[in-house]
Each structure stands twice: as C-alpha cells, then as structure tokens.
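The values are calculated or read from the model by the stated rules, or taken from the named source; none is laboratory data. Here the structure is a predicted model, which means the values were calculated and not measured. Cβ atoms come from the backbone with ideal geometry, glycine included; neighbour counts cover every protein chain shown. Heavy atoms of the whole protein, side chains included, go into the accessibility calculation; ligands, DNA and RNA do not. Shrake-Rupley method; radii C 1.70, N 1.55, O 1.52, S 1.80 Å.
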Amino acid sequence: MKRITAIAGAALLAAGVAACSGGGDGAATSGAGTTGQTTQAAAGFQEQHKGGTLRLLAKAGDGTLDPHINYSNGQWQIFQALYDGLVSFRKVGGKAAYDIVPDLAKELPQVGADGKTYTFTLRTGVKFSNGDPVTVDDVVASFRRIFRISGPTSGTFYSGIVGAAECVKKPAGCTLDKGVVADAAANTVTINLVAPDSEFLQKLALPHAVVLPKGTPAKDQGTTPIPGTGPYKVESYNPNQLMKLVRNPNFTEWSRDAQPQGYPDEIDYNYGLTSEAAVTAVENGQADWIFDPLPADRLTEIGTSYEQQAHVNPLAAFWYIPVNVNLAPFDKPEARQALQWAFDKNALVKMFGGANLAQPACTILPPSFPGHADFCDFSQQDLAKAKQLVQQSGTAGQEVSIVVADDDVSKQIGEYARSVLEQIGYQAKVKVISTNIQFTYIQNSKNKVQLSVSQWYADYPAASNFLNVLLSCASYHPGSDSSINISGFCDKDADAKIAQAMKLDQTDPAASGKLWGEIDRELMQKGPIIPLFNPKQIDFVSKNVGNYQFHAQFHALLDQMWVK
Amino acid sequence: MTAAVETVAPRAARPSAGPWRQALRRLARNRSAMIAAAGLVLIVLACALAPVYAGSIAHTDPFTSNASGTAVVNGARVPVLAQSTEGLGLGVTPIGPTWNPGSFFLGADNQGRDVMARLLYGGRNSLMIGLSSAALCCVLATLLGVLAGYFGGWIDAVLSRFFDVIWAFPVYLLAICLSVVLLTSGLHVGPIHIDAGSLALPVVIIALIYVPYVARPLRGQVIALRNKEFLHAAVGLGASDLRIMRREVLPNVLPTVVVFLPLMTALNMLTESALSFLSVGVQSPDASWGTIINDGLALLYTRPAITIAAGLCVGLTAVALNVLGDGVRDALDPNARLRGGA
C-alpha cells in the first residue's frame with residue numbers, strides 16, 4: 001500500500017492482481033533496531049500499568065472509520081484496538097508479529113486437501129461493543145459486505161473466494177452463497193476458494209476482513225463508529241479535531257496473542273497540530289506519540305536530547321522511481337540502465353534523514369523480506385557510465401520531467417533527480433503536484449509521466465506483494481488512474497516466472513524464495529523501477545510512555561503503550 | 001536700475017527646467033530616497049554579478065545537487081551534509097555559514113548547494129519578476145484605465161465590472177488559484193504560449209491580479225481630466241480620440257504611473273516570494289528568494305541563516321523600493337506629502 005493514503009486501495013482494486021503464494025518466514029521488521037526504551041515482552045498483562053489517557057497527535061484524521069474501506073496506515077493502526085477478524089497477525093513486537101494466530105476463530109482453520117477449503121470454528125462468548133454476540137451470520141455478512149461496498153481490495157485480496165467474481169461485477173446482489181458458508185449448529189464458517197492461495201490467511205488478517213455486526217449498512221460509515229470486538233470502541237470522531245477511544249465494556253481477553261487487552265483507559269487522538277508543534281508537545285509531555293513523519297530539522301535534537309524516547313525500526317517498504325518504459329527516452333533499455341547507474345543512493349538516504357533512518361536499496365524486495373536476495377548490481381553511482389549509456393541509447397538532450405508529490409522528502413528527491421538527469425545529458429525539470437493527487441496522476445498513462453517518485457509499503461509479507469503487484473502485466477491498466485504498475489512494464493517472460501514462483505510457493509517456499517530473488521535481479525536489469533532506499537520508522541513517544549512495541553505489520557501497538 | 005534690468009533679462013530668456021527635470025532635482029534632494037536608490041543599485045549589482053560569484057569566487061554550481069560533496073572549513077575537509085553522530089545518529093545537517101566568500105559563505109541548503117550563490121541567482125529572478133510584472137501591470141492598467149475613464153459609458157461599465165470581479169477575490173487566493181492551474185499546463189491563449197515552469201508565468205499572473213489596483217485610480221484621474229479646458233480645446237480643434245488620449249491624457253497620467261512603478265515592483269516582488277514560498281511561483285531548477293525561504297523552512301531549527309538571509313533580502317529590497325517610490329511621488333507631486341519626504 002502507499003503510505004498515508006487511502007487512494008492506493010483503488011489502485012489495487014483495478015490492478016486485479018490475484019495475489020497467491022508468499023507466506024514464508026516473517027520479515028525482520030522486529031524491534032532489533034529499536035533504540036531508546038527497550039521493548040518489553042508481552043508476557044502477561046501488568047495490572048499496575050492499567051489506566052490513564054494516551055494522547056496521540058496527527059495533522060489530520062486518516063479518513064473513514066469503516067474498516068472494510070479505509071486503506072491507510074493511520075487507521076489500520078487504530079483498527080487493531082477496535083476490530084478482529086477470523087485470524088490475526090500476532091500482536092507483539094519483533095519477528096513473531098508476522099505469525100498468523102487464531103482470533104475470532106477458535107483455532108487456525110482446517111484446510112482441505114486441495115488447498116481450496118478453509119473451515120473456521122468460531123469462538124463462543126465474544127461480543128461486539130454494542131453487546132450483541134458474534135455469530136457465524138456476522139462472519140458471512142461481513143464477507144458479503146466487503147463486496148457490497150466494493151471494498152478497495154475486494155477485487156484483489158478476496159477475489160479468489162467462490163462467487164467473488166460475480167460479486168465484484170454486481171456488488172449489490174452479492175451473496176457468496178457458495179463461497180462463504182455458515183453452519184450455525186456447528187458454529188463453523190467454511191470459505192471456498194476457486195484456487196489454492198497460500199497468502200489467504202494473511203489477507204484475512206488485514207482490517208478489510210474484520211468481522212462487523214450483520215446489520216452494518218452496506219455503505220461507507222464515514223465518521224460513524226461501527227461496533228467492534230476489540231478492547232476499545234470509538235466514542236467520537238471528528239477528522240479535524242479528535243478521535244476518542246474508550247474501553248469496550250463487553251470486551252474480555254480471549255487470546256493474548258490475537259487481541260490483548262489494552263493499558264490506557266482512554267485514547268485521545270488529537271488532530272490539527274503541525275508536526276513541528278507536535279514534536280514540541282511530546283517533548284513537553286503534553287502528548288504521548290506522533291503519527292506523522294518527524295520534521296527533518298528536529299531529528300538531531302530528538303536523537304540526542306530525547307534518545308530514550310525515540311524508537312527506530314526497519315519497514316518492509318521502499319521508495320522508488322517508476323520509469324515509464326513506454327515513453328521516450330526510457331523506452332530504450334540503455335536509457336533505463338543509465339538511470340540505475342546515475343543515482344547516488346547514499347545522497348538520497350541523507351535526504352530522508354540519514355543512514356540510521358534509511359538504507360540504500362539495491363533490490364526491489366526489501367532486506368529480510370521473503371524472497372529477498374542479497375545482491376547489488378548497481379552499488380555505486382557511476383555518472384560517466386550513465387552518460388555513456390545515454391549516448392548509446394541516442395536519447396541525449398531529450399526533455400525529461402519527474403513528477404513528485406509536494407511533501408519535503410519527495411521534493412528533495414525530485415530536485416536531486418533533476419540535477420542528476422541534467423548531468424547525464426537530459427534536459428530535466430521537476431513537476432511538483434499535490435500529494436493528494438500525485439499517486440493517481442502518475443498511474444494514469446494518459447498523463448504521460450516519464451519519471452516519478454513513489455513509495456510502496458507491504459500489505460503483508462509476501463514477495464508477490466511487491467513484484468507481482470508493481471510489475472506484472474495484470475497490474476498495468478493503460479488510461480486508468482488505478483494502474484499500480486506505474487512503469488507500464490509488461491514482460492511476458494517475467495510474468496511467467498512470477499506465476500511460477502507463486503505456484504511454487506504453495507509447495508516449496510524455499511525454492512520459491514530463491515526464484516523470487518532471481519526475478520528481482522532480472523527486473524533490476526530491465527530497469528522499470530529504480531529502488532532508492534528502504535525507510536525506517538521512527539516513533540517519538542513522551543517520557544510517560546512505557547511498553548513500546550513495534551509490530552512489523554501495523555507498527556506501534558498503541559493500546560499496548562502504558563502511561564501509568 | 002538699468003543694470004538690474006540688464007541682468008534679469010538674460011535669466012528670463014533661459015527656458016525653465018521641464019517638469020521631469022524638476023522632479024528629478026527634487027528626488028535628488030530627498031536623502032532617504034537616494035539612500036534607498038543606492039541600496040537598490042547595490043542589490044541589483046550584486047545579483048547581476050551572481051555568475052561571477054558562483055564561477056570565480058565560490059567555484060560552485062548553485063543548481064546542481066551536491067549532497068555527497070565535501071568542503072574545507074578551517075583547514076579540515078568536512079561533508080557538506082553531515083550525518084549526526086551523537087546519540088541515535090538521527091538527522092543530517094547541512095554545513096553552516098563559514099563567512100568565507102570562497103566556500104559556503106552562508107552555508108549549504110539540504111541539497112548541499114551554496115546558499116549565497118543561490119541567493120544571488122534567486123535575487124535576479126525575484127527582481128526580474130517584480131520589475132517585469134510591475135511594468136506589465138502598469139502598461140495594462142494604463143491602457144484600461146485611460147480607455148474606461150476617457151470613453152465612459154458602456155466601455156467604462158464593462159471595464160469597471162471587470163476590475164470589480166478581479167478585486168472581489170482576495171489577491172493571494174486568486175494568484176494561487178491561477179498559479180496552480182497554469183503551472184501544470186502552461187498558458188496558451190491565442191498567440192500567447194507560455195510553458196509551465198517558465199518564469200514568464202508568474203510575471204503574467206502577478207501583473208494581471210494587480211491591474212485593478214493601478215487602473216482604478218488612473219481611471220478616476222482621466223475622468224477628472226475629461227472636463228478640463230485643454231481637453232475641450234483639443235476636441236474643438238478636431239483631434240481624434242486616439243490623438244487626445246496619446247497627446248493630452250497620457251502625459252497627464254504618466255507621473256502617477258511612474259509613482260506606481262516602484263511601489264508595484266515592491267508589492268509584486270513580495271507576491272512572487274509568497275507564491276514561490278508556497279511552491280506555486282518560480283519552479284525548479286530556477287530559484288527566487290521565495291523558493292529559498294521555502295528551502296530554508298525545513299532547516300529552520302538547525303540552519304536558520306538560509307531563511308533569514310533570503311527574508312532579509314526580500315525585506316530590504318521591498319523597503320528600499322517603497323522609500324524610493326515615496327520619494328518619486330513627492331518629487332512628481334510636491335503637494336502630496338503623505339509619508340513625509342524631502
């Protein structure tokens with residue numbers, strides 16, 4: 001997903017990527033890089049820390065409260081304390097965060113021999129925050145709702161459910177009667193797939209598949225809270241002022257792995273402060289945590305004077321330059337390869353905040369991510385070689401524009417790229433457009449974007465979530481705002497290998513991991529994407545906060561922080 | 001007595017100095033205006049010599065990123081963008097002011113570029129845009145103001161409503177809206193084609209939004225002139241409208257236009273800086289004082305010199321232009337002493 005935007009969901013919807021395979025071992029987005037206050041094991045609930053109000057800050061609310069619709073990092077993080085699915089990522093810091101554990105399901109499902117049938121037995125005694133018990137009917141209704149509201153990932157993550165294709169075409173009449181089957185007597189739900197999907201449980205652990213009350217209207221609920229099963233409920237939400245979370249009176253902890261009870265009695269998410277002001281508020285103990293990226297000119301101060309309150313963790317993500325392979329001059333392979341040599345990634349790392357906040361990227365798959373192969377074919381900037389390749393390609397002197405969003409880091413990268421492109425022989429200019437529209441603008445081939453700056457954050461830990469989503473023919477939709485294959489790259493050979501890796505993943509994850517690495521390397525040679533760096537997350541908390549835990553998938557576990 | 005008559009007679013025969021020359025003399029006697037003019041000349045000269053400073057003194061290219069570069073400070077070679085090594089080692093800080101004209105006199109920005117060199121280059125653009133847009137604005141406003149005031153009737157009604165419409169928008173809001181639209185597609189109206197990102201774009205936008213501010217008073221002045229005897233005389237002699245406007249009206253409103261020019265230059269320069277600060281004015285790779293203030297904003301805590309230097313340049317130039325403008329007004333109309341003067 002694209003960070004801090006709900007637009008990416010629409011992109012994925014149209015991309016129509018049938019993500020399969022992956023899984024594998026968890027990526028190392030653990031607390032290993034965490035500095036400052038040490039991560040404390042979630043061995044058991046520590047009663048003495050229960051209570052108080054956790055005060056969070058962000059520039060603005062991150063959109064709708066509807067978990068079946070919202071596709072932003074900010075709300076996904078909050079949804080962890082509000083909702084549950086049949087399964088969940090384990091709610092702990094460290095590598096174990098990528099483990100799938102049973103949540104509303106009593107145990108992990110029984111999977112049919114053909115890999116296409118998943119049978120879940122529901123827990124009993126779990127209630128929504130409105131007091132209604134969770135039943136198999138709620139589960140079936142929730143899956144229907146994903147399609148009836150045309151959820152952003154209904155056509156991708158959940159398109160493998162039997163009947164999903166019809167539901168995508170005609171959302172209003174979606175029944176999934178053969179795809180999601182309830183047995184009230186046995187308290188089970190069976191999900192039937194059209195084909196085996198080794199990533200299916202990971203997809204079920206995402207907020208888009210949480211279980212909501214069966215009476216939830218099939219339309220975006222906006223700022224109206226929907227009852228959930230988590231330890232908190234939303235008491236009020238105004239995206240310009242405040243989201244207030246209070247304890248769910250009907251919550252009792254059923255699985256510490258899946259949904260541990262939270263520490264604060266209340267969580268206040270205040271909106272409206274600039275990130276500069278937010279940093280000052282946390283320094284002064286007037287707030288406890290900041291969602292937004294920290295201002296570049298405060299990083300040194302935070303890293304030195306507030307060392308104990310800063311936590312740095314690697315992310316399964318990368319910043320990259322999508323290169324439009326269908327437009328001159330980058331329709332020439334030599335011109336694309338020139339770009340691979342042209343960028344000094346250490347310089348770009350500096351623009352993100354330095355070597356401790358990012359690392360130069362040599363591959364599309366982030367380090368420690370499933371399928372990542374440790375190679376670096378374009379390790380050092382070589383401007384002479386890049387210039388020579390531009391000459392060879394016969395494209396020297398051509399006009400090139402790079403489209404960037406108007407945030408500080410993107411603008412800086414754009415300016416750097418312009419400078420480099422001028423040095424290797426192009427006439428370059430930067431086009432800065434609003435962050436709100438840049439991501440969709442660069443996807444649409446009608447806008448004839450030659451180069452742009454973008455980011456990709458893993459939806460879940462699988463190589464296909466990068467390579468298949470970003471560079472397969474199926475993800476390229478000419479003329480659409482929802483064409484996540486921004487490069488417009490469509491290579492039948494690469495597609496065949498991706499399909500092979502996804503199939504192999506169901507039977508031999510080790511072999512598929514190796515194949516993904518090879519595909520990554522081949523794609524780097526073809527140059528539809530210039531990986532720039534892999535960012536890290538920095539969380540700045542107040543001195544009142546304890547038990548900071550970084551979850552690889554959903555980042556800081558907010559309700560596990562204690563302020564008492 | 002006779003001698004006295006003889007001495008007076010030649011003086012009387014000497015032609016008196018014209019109104020422009022008299023105004024110039026009055027301006028020359030205005031000490032504040034002269035100090036402001038001298039300051040302006042210095043600023044313009046410094047900016048004009050930007051390539052000399054960048055190429056021969058600082059030996060730098062202010063438009064090329066230098067993020068991995070190094071510089072010699074106090075005999076030691078240091079990175080231009082220094083990674084923090086204390087504590088958690090977070091953040092990167094550009095080199096600060098060295099006060100050495102040969103190397104990062106005012107420090108570096110977050111691309112590792114020499115701020116002093118960029119400031120001089122940026123000043124060229126700021127001054128050029130301020131002056132060009134003021135000139136264009138005054139030409140358009142004079143044309144429209146004279147037409148509206150001279151002809152009156154429906155022409156006046158149409159043009160006055162046009163001024164009202166533009167005036168109805170908050171000036172910065174209108175400028176931002178126009179800039180946002182035109183920055184992506186450029187301006188293509190009939191034979192006029194201006195590419196997106198061209199410096200001519202902010203010139204045209206800023207000139208247009210201020211037209212009513214100059215045209216309105218000029219229109220009023222022309223309406224007042226319309227009832228003067230010399231104008232009736234010209235009409236009685238059979239002079240055409242065009243001739244009357246060119247020969248009789250224009251020379252009478254020109255001093256007002258001349259007074260407006262420096263004042264509008266200052267105002268337009270401030271507007272350009274504001275638009276560039278908001279990223280809707282001058283576009284990369286070009287720089288202006290506004291873009292430099294914007295660049296410095298992200299470094300306000302660690303390297304405030306960038307923002308302060310560019311802000312001072314804008315402020316000082318605007319003050320100088322305003323003082324000069326006041327002096328010009330006093331010189332051209334010695335009875336209108338609104339803000340003091342000579």
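Considering only residues in the range B:52-78 that are free of Cβ contacts under 8 Å to residues at least 12 places away in the same chain and not charged (D, E, K, R), the one that is nearest to the other protein chains (Cβ to nearest Cβ) turns out to be B:Thr70.
Among residues of the range A:32-56 being more than 14 Å from chain B (Cβ to nearest Cβ) and touching a Phe, Trp or Tyr at 6+ places or on another chain (Cβ under 7 Å), the one that is modelled with the lowest pLDDT is A:Thr39.
Residue count for the range B:153-195, restricted to those that are in contact (Cβ under 8 Å) with a residue 24 or more places away in the chain and within 14 Å of chain A (Cβ to nearest Cβ): 4. Within the span defined as the range A:451-462, every residue fails to be open to solvent by 20 Å² or more (accessible area, probe 1.4 Å) and small (Gly, Ala, Ser).
Does B:Ala233 satisfy the condition of being in contact (Cβ under 8 Å) with a residue 24 or more places away in the chain and either within 14 Å of another protein chain (Cβ to nearest Cβ) or part of a helix (DSSP H, G or I) (or both)?
So B:Ala233 fails the test.
Only residues that are touching a helix residue (DSSP H, G or I) at 6+ places or on another chain (Cβ under 7 Å) and either among the β-branched types (Val, Ile, Thr) or open to solvent by 20 Å² or more (accessible area, probe 1.4 Å) (or both) were counted in the range B:121-130, giving 4. Among residues of the range B:85-105 being surrounded by 18 or more Cβ atoms within 10 Å (Cβ to Cβ) and at the interface with another protein chain (Cβ under 7 Å from one of its Cβ atoms), the one that is nearest to B:Pro62 (Cα to Cα) is B:Thr93.
Being modelled with pLDDT under 95, more than 22 Å from the chain's Cα centre (by Cα) and closer than 21 Å to B:Leu278 by Cβ, is that true of even one residue in the range B:163-181? For the range B:163-181, residues modelled with pLDDT under 95, more than 22 Å from the chain's Cα centre (by Cα) and closer than 21 Å to B:Leu278 by Cβ: present. A:Ser305 fulfils the conditions (1) open to solvent by 40 Å² or more (accessible area, probe 1.4 Å); (2) closer than 22 Å to A:Leu557 by Cβ; (3) among the hydroxyl-bearing types (Ser, Thr, Tyr) except for a single criterion, (2).
Within the range A:229-250, residues that are of a type in the set (Phe, Trp, Tyr) have Cβ atoms under 7 Å from residues that are open to solvent by 20 Å² or more (accessible area, probe 1.4 Å) and at pLDDT 95 or above in these pairs: A:Tyr232/A:Val246; A:Tyr232/A:Arg247; A:Tyr237/A:Pro225, counting only partners at least 6 apart in sequence or on another chain.
Taking (1) open to solvent by less than 20 Å² (accessible area, probe 1.4 Å); (2) more than 14 Å from chain B (Cβ to nearest Cβ) in turn, A:Leu299 satisfies each apart from (2). Within the range A:93-106, restricting attention to residues that are part of a loop (DSSP other than H, G, I, E, B) and more than 14 Å from A:Ala186 (Cα to Cα), the residue that is modelled with the lowest pLDDT is A:Gly93.
Scoring A:Gly488 on the criteria (1) part of a helix (DSSP H, G or I); (2) at positive phi leaves a single failure, condition (1). Kindly establish whether B:Arg21 is over 30 Å from A:Gly425 (Cα atoms), open to solvent by 70 Å² or more (accessible area, probe 1.4 Å), modelled with pLDDT of 85 or more and part of a helix (DSSP H, G or I). Yes; evaluated as a whole, the condition is true for this residue.
Only a single criterion out of (1) within 14 Å of chain A (Cβ to nearest Cβ); (2) touching a residue at least 60 places away in the same chain (Cβ under 8 Å) is not satisfied by B:Leu81, namely (2).
Confirm whether A:Tyr548 is free of Cβ contacts under 8 Å to residues at least 24 places away in the same chain and either within 30 Å of A:Pro329 (Cβ to Cβ) or touching a helix residue (DSSP H, G or I) at 6+ places or on another chain (Cβ under 9 Å) (or both). So A:Tyr548 does not fit the description; no. For A:Gly479, the conditions (1) more than 28 Å from A:Trp516 (Cα to Cα); (2) in contact with a helix residue (DSSP H, G or I) (Cβ under 8 Å, 6 or more places away or on another chain); (3) more than 11 Å from chain B (Cβ to nearest Cβ); (4) in contact (Cβ under 8 Å) with a residue 40 or more places away in the chain are fulfilled apart from (4).
When every residue of the range A:322-344 is checked against the conditions, at least one turns out to be over 26 Å from A:Tyr441 (Cβ atoms), of a type in the set (D, E, K, R), open to solvent by less than 50 Å² (accessible area, probe 1.4 Å) and out of contact with any helix residue (DSSP H, G or I) (no Cβ under 7 Å at 6 or more places or on another chain).
Find the strands (runs of 3 or more DSSP E) located wholly in the range A:371-481 whose residues include 2 or more that are β-branched (Val, Ile, Thr), over 30 Å from A:Phe200 (Cβ atoms) and out of contact with any Asp or Glu (no Cβ under 7 Å at 6 or more places or on another chain), and list them.
Per the criteria, A:399-405.
Look at the range A:76-90: where a residue is more than 16 Å from A:Val246 (Cα to Cα) and a partner is among the charged types (D, E, K, R), sitting 6+ places away or on another chain with Cβ atoms under 6 Å, you get A:Asp84/A:Asp103; A:Gly85/A:Asp103; A:Val87/A:Asp103; A:Ser88/A:Asp103; A:Arg90/A:Asp99; A:Arg90/A:Asp257.
Residues are listed down the side, and each one gets a yes or a no for (1) of a type in the set (Val, Ile, Thr); (2) open to solvent by less than 20 Å² (accessible area, probe 1.4 Å):
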{"position": "A:Thr363", "(1), (2)": "yes, yes"}
{"position": "A:His372", "(1), (2)": "no, no"}
{"position": "A:Val409", "(1), (2)": "yes, no"}
{"position": "A:Gln423", "(1), (2)": "no, no"}
{"position": "A:Tyr426", "(1), (2)": "no, yes"}
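Residue check: A:Pro293 meets all listed conditions (1) open to solvent by 20 Å² or more (accessible area, probe 1.4 Å); (2) assigned to a loop (DSSP other than H, G, I, E, B); (3) more than 14 Å from every other protein chain (Cβ to nearest Cβ) but one, namely (3).
Of all the listed residues (A:Thr175, A:Thr121), the sole one being assigned to a strand (DSSP E or B) and surrounded by fewer than 22 Cβ atoms within 10 Å (Cβ to Cβ) is A:Thr121.
Quick grid of which residues meet (1) surrounded by 23 or more Cβ atoms within 10 Å (Cβ to Cβ); (2) closer than 21 Å to A:Thr135 by Cβ:
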| site | (1), (2) |
| --- | --- |
| A:Val168 | no, no |
| A:Pro171 | no, no |
| A:Val181 | no, yes |
| A:Asn192 | no, yes |
| A:Leu204 | yes, yes |
| A:Pro217 | no, yes |
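Filtering the range A:410-434 to residues that are under 22 Å from A:Phe318 (Cβ atoms), more than 9 Å from chain B (Cβ to nearest Cβ) and either without any contact (Cβ under 8 Å) to a residue 60 or more places away in the chain or acidic (Asp, Glu) (or both) leaves only A:Ser410. Inspect all residues belonging to the range A:50-72 and state whether any of them is over 29 Å from A:Tyr457 (Cα atoms) and not in a loop (DSSP other than H, G, I, E, B). For the range A:50-72, residues over 29 Å from A:Tyr457 (Cα atoms) and not in a loop (DSSP other than H, G, I, E, B): present.
Restricting attention to the range A:374-404, the residues that are more than 11 Å from chain B (Cβ to nearest Cβ) and either in contact with a Ser or Thr (Cβ under 7 Å, 6 or more places away or on another chain) or of a type in the set (Asp, Glu) (or both) add up to 4.
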